[in-house]
1. As a test of understanding, state the convex hull volume per residue of region 84-123 from its alpha carbons, in Å³.
2. For the chain, what does the accessible surface come to per residue with a 1.4 Å probe? Please give it in Å².
3. Hey, which aspartates and glutamates would be in cross-link range of residue 75, C-alpha to C-alpha under 18 Å, not counting anything within fewer than 8 residues on its own chain?
4. In a GNM of the chain with a 10 Å cut-off on Cα contacts, which of 115, 150, 87 has the highest mean-square fluctuation?
5. So what's the convex hull volume per residue for the Cα atoms of region 33-96, in Å³?
6. Given 5 Å bins starting at zero, what is the percent of C-alpha pairs of region 1-67 in each, up to the one with the largest pair distance?
7. Pop out the carbon and sulfur fraction of the accessible area of region 2-161 as a percent, whole number, probe 1.4 Å.
8. For residue 47, go through the lysines and keep the ones whose alpha-carbon is under 24 Å away, minus same-chain ones fewer than eight residues off.
Amino acid sequence: MPQISQLAATYSSQIFWMLVIFGAVFFLVGRGMAPKVLETMEGRDQKIAADLAAAEAARHEAQAQDDAWKAAAAKQRGEAQALIAAAKAEAAKAAEVRLAAAGADAEAKVAEAEARIAAARQGALAEIETVAAEAAADIAARVAGLTVAADAARAAVKDVLHG
């Protein structure tokens, strides 16, 4: 193979040019591109760190606003419950006053009805006494032939009914 026999003659020249090209690439990449890449990476790291710090600050601010909102909501809820309790108490008082007035009205009507019943009972008793006295006087006159005075008959009937 002729390619293998030429290897010894061109080997040193190929190594020289390989070292020259690798050296050029090393200086181009190492001195020209690497610092730019490192600078870009450092800038990106700084931007990410700044963004993370801003996000953390925004999270803290949002948490503070949420806590403030919850505190305000709790305060308003407490005030609303106090208003509801006051309204319930006021309604209970008003209902109690109406019930007391209705109870007093009912008691007055009951007392009036009892008075009418008592008056009717007294009237009925008086009429029963009158009828009984007349009947007793009439019976005494028919059966025994006695004449009994109306007052005496009434007194006798009263004595029997109440005694």
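The values are calculated or read from the model by the stated rules, or taken from the named source; none is laboratory data. In this text the structure is predicted, and so the values were computed from the model without any measurement. All Cβ positions, even for glycine, are placed from backbone atoms using ideal geometry, and neighbour counts span all protein chains on display. Side chains included, ligands, DNA and RNA excluded: accessible areas come from the protein's heavy atoms. Shrake-Rupley method; radii C 1.70, N 1.55, O 1.52, S 1.80 Å.
1. Values: hull volume 1.0 nm³, N = 40.
Output value, Cα hull per residue: 26 Å³.
2. Per residue, the chain has 84 Å² of solvent-accessible surface.
3. Within the straight-line cut-off, residue 75 pairs with 66, 67.
4. 150
5. Numbers: hull volume 2.3 nm³, N = 64.
Enclosed volume per residue, from the Cα hull, is 37 Å³.
6. Calculated P(r), rounded to whole percents: 4, 13, 9, 10, 8, 8, 7, 7, 6, 6, 5, 4, 4, 3, 3, 2, 1, 0.
7. Numbers: 8800 of 13290 Å².
Here it works out to 66 percent.
8. Cα-Cα hits under 24 Å: 36.
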